[in-house]
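Below is one structure, written out as C-alpha cells; comments come after it.
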Amino acid sequence: MSNNQFSSGLESANFVLTSDPVHQAWNAIGKQKQINPNAEPSLFNEIQPENPTIIAFGTPPSSLQGQEGLVSSSNLKEDNFDHFEFLCNKSNPNFSLNQAAIELFKSQYHELLRLKEKLVGNSKSKTPSLVIITGQSVGGSVATLFTLWLLQGFNLSRANKRPLCVTFGSPLVGDEHLRQCVLQFSTLKSCFLHVVSNQDPTPQLFISRNPGAYKPFGTFLLCSASGCACFEDPDIILEQLVKTNSQNQECHYGKILGDLKCKALCNVLKSTEAERDSLQASLITQLQAIEILSQKQPSTEIHNLIQRMKKHEATLLIQMKKNSNLESHEDLNEMKLLMAFLEWYKKEGIRRKTGDYDTYKNQWDPTDKKNVEYKEKLMNYWEDIVTEVENRPQIEGAHFRVRFLYAGTTYRRLLEPLHIAEYYKDGGKNYQTEEGKRPKHFILLEEWLKKVVKPKATPSKSKKENAGSNLNEDSCFWAYVEEALISCNTLKDEESSSEERESSLQKLKEFEGYVLDSLKNYAVNPEIFLEQSSFMQWWNKYQVIMGSYYSSSLTKLMKNGTYLLFNEGRLDL
C-alpha cells in the first residue's frame, strides 16, 4: 500500500452531516412520534408527500427484545411470502432475515403494498421526487426491509430515482448471505445509510446474543462524542457495535447530529500535512473519532484492526475497478480495437476464399497467430463481465442493459466460431454436448438475447440487402458443419456399424433442414459458400454420398447454383 493513499471515511462523514437528507430523516422521525401520541403506534406514516417524499417507520423500542431468531428466505417462500426472493442470485440462492422484523412487516403487508405501488408509480414520472425511508431502532429494521422490497420496482440505473433509507440506531436485519446479495451490485448498497452512536445499545441487540449470525450492509455513520466516520467494512462495523456497552434506554440522535454538524462545519477534526499522505494516519484518525482508539500508542489488537482496515481499502479499490469494467473507456476502447482487428480478419478470410473460420482453424499464415492472442483477451474480458452480471441480484434483471447485451451478441457471433475452430482442430467430436467444452458465458449471452429479442417469421428487406455483412446468427453454426463432416466420414468408413451409419444419415438430413431454415431467414453469412470453406467441403462429400438421384430443397439450390443469389439478397425459399 503506497503512502499517498487516503481513506475517505472522515470526509464522507462530514459530507453526510452537512447534507439535508439525514437531518430531514431525523426530523421526520420526530414528527412521526407526535402523530396520535395516545393511540396505538402506527408502523409507518407518510410525513411529507413530495420534495422529498419521506416515510417514517416507528415501533415500540421493546418489540425485538429477545427475538434474535432468523428465518430463511426459502422458508418464507414455502409460506407464500416470497416478496424478497428477487434479491437472490446464483451464488446466494437464499438468505436469512430477522424473524421479528419480518413479522412486523407482514402485519401491515397490504398497507405497505399500497405505499409501494404509489412510490413506484411516482418514480416513473418525468420529475420524480426523492424518496427517503427512515426509522429509529426497530422502526429502522422495518424501514430497511421495506426499502429492499421497494427497490424491486425502481430504475436503479438512475441515481435520482433511487430511494434512500436512513436509519438511526437500528438492529441488523440479516445474515452474511443477505449482505452478499446486496453487495453484488453497487447501487443497492448506496441506498442505505445507518447512523449509529456508541451510546446506543440497540444496534448490537442481536449480535451480542447471536454472534456471527448477523452482518451489516450499506454505509454506517458511526458516531461518538468525539466525532464520527463512515464505514462499509462489515468487520469494522461489527467490532464497533460489539464494543458498545451503553445501557441508555434512548439515545438522543438529534443532539448528536447537531453537535457533529457544528464540528464538521468548523472542521474540528484536522490532519497534519504529513497525515494527509498517510493511509494509516487517516485510519487512526477515524478510530479516534468514534472512540475505538485513544490518543495513546495503538495496542496489538488495534494494530491488527488497522491492518484489516488497510486490507479492506485495497479490496475496495480492486472492486471499484471490477465494477467499472462496463464503463471503463480504457478497457472498452481496447476491446473495440481488438474486435476491429478480428472484423478485418474476417474480411481477409473472404479474400483468401476460405472465410475466417477455416483461416483461423488452419493457421496457414504466421500473422494468424496474433489473432489467437486477440481472441484470448476478448474472451477473458467478456467471461469476467458475464460472470459479474450472472451473480447480480435478480432485481437488476437477469442480464445486461440492452446496449451491452447487443455488444455481447456481436462478440459471441464473431468469437465463438474461432473457439469452435480450435476445438475441432484439436480433434473435438461434439462441441455442444461434450461437457464443459462450450464456454458458459457464450451459453448465457445466447439465453439472455432470446429473452429480449423474439425471432421474426420472415427476414426483413434490410436484412436481405445486408446479407453480405451479417454475422451467423447461430454462433454454433460451424460446430454443426463439423459434425456433418464427421457424419459423412462415418458413412464412408466401411468399418462403421449399421447403427452408426443409420444415425449419421439421420443427422445429415437434420443438418439439411437446419441449413435450409438458416438460408430462408438470412441467418448466415454468404462466406459459407466460399469454395474452400468447411461448408462447401461438406457439400462436396454429401452429394457424392447421397448420389445423383437424391433430391431435396437444399440439394436443388446447391446443384443449380441458386445459392449464389443469397449474397445479393435475392434468394427466396
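Tabulated values for the structure
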item	result
Residue selected from the range 345-361 under the condition touching a Phe, Trp or Tyr at 6+ places or on another chain (Cβ under 9 Å) and assigned to a loop (DSSP other than H, G, I, E, B), by the criterion least open to solvent (accessible area, probe 1.4 Å)	354
Members of the range 424-454 that are outside any helix (DSSP H, G or I), surrounded by fewer than 11 Cβ atoms within 10 Å (Cβ to Cβ) and basic (Lys, Arg)	454
Members of the range 552-569 that are in contact (Cβ under 8 Å) with a residue 60 or more places away in the chain and surrounded by fewer than 14 Cβ atoms within 10 Å (Cβ to Cβ)	568
Among (1) in contact (Cβ under 8 Å) with a residue 60 or more places away in the chain; (2) within 24 Å of the chain's Cα centre (by Cα) - the single one residue 108 does not satisfy	(2)
Condition met for residue 543 (surrounded by fewer than 16 Cβ atoms within 10 Å (Cβ to Cβ) and over 14 Å from residue 481 (Cβ atoms))	yes
Odd one out for residue 177, checked against (1) under 25 Å from residue 44 (Cα atoms); (2) modelled with pLDDT of 80 or more; (3) touching a strand residue (DSSP E or B) at 6+ places or on another chain (Cβ under 9 Å)	(1)
First in the range 517-535 and within 18 Å of residue 348 (Cβ to Cβ), second anywhere and among the aliphatic types (A, V, I, L, M) and part of a loop (DSSP other than H, G, I, E, B), Cβ under 8 Å, 6 or more apart	525/471
Unmet requirement for residue 381, which otherwise passes all of (1) outside any helix (DSSP H, G or I); (2) modelled with pLDDT of 85 or more	(1)
Those residues of the range 373-393 which are polar (S, T, N, Q) and more than 9 Å from the chain's Cα centre (by Cα), in sequence order	380
Criterion violated by residue 149 - all others in (1) buried (at least 21 other Cβ atoms within 10 Å of the Cβ); (2) at pLDDT 90 or above satisfied	(1)
Residue identified as loosely packed, with under 13 Cβ neighbours inside 10 Å, farther than 30 Å from residue 189 by Cβ and either in contact with a helix residue (DSSP H, G or I) (Cβ under 7 Å, 6 or more places away or on another chain) or among the aliphatic types (A, V, I, L, M) (or both) among 421, 457, 479, 467	457
Close pairs (7 angstrom Cβ cut-off, 6 or more residues apart or separate chains): without any contact (Cβ under 8 Å) to a residue 24 or more places away in the chain in the range 454-482, open to solvent by less than 70 Å² (accessible area, probe 1.4 Å) and of a type in the set (S, T, N, Q) anywhere	none
Residue in the range 502-518 that is small (Gly, Ala, Ser), in contact with a Leu (Cβ under 6 Å, 6 or more places away or on another chain) and more than 13 Å from residue 535 (Cα to Cα) present	yes
Scan of the range 482-508 for residues that are open to solvent by 70 Å² or more (accessible area, probe 1.4 Å), part of a helix (DSSP H, G or I) and among the acidic types (Asp, Glu), ordered by number	499, 500, 502
Where a residue in the range 537-551 is in a loop (DSSP other than H, G, I, E, B) and its partner, wherever it lies, is open to solvent by less than 80 Å² (accessible area, probe 1.4 Å) and not acidic (Asp, Glu), with Cβ under 9 Å and at least six apart	550/543
Filtered residue count, the range 183-207, keeping only those that are modelled with pLDDT of 85 or more and aliphatic (A, V, I, L, M)	3
Close pairs from the range 115-126: first under 17 Å from residue 43 (Cβ atoms), partner assigned to a helix (DSSP H, G or I), Cβ under 7 Å, at least 6 apart	116/149; 116/150; 116/153; 119/150
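The values are calculated or read from the model by the stated rules, or taken from the named source; none is laboratory data. Only a predicted model underlies this, so the values are computations on that prediction, with no experimental measurement involved. Every residue, glycine as well, gets a Cβ built from its backbone with ideal geometry; the counts of neighbours run over all protein chains shown. All accessible areas refer to the heavy atoms of the entire protein, side chains included, with ligands and DNA or RNA removed. Shrake-Rupley method; radii C 1.70, N 1.55, O 1.52, S 1.80 Å.
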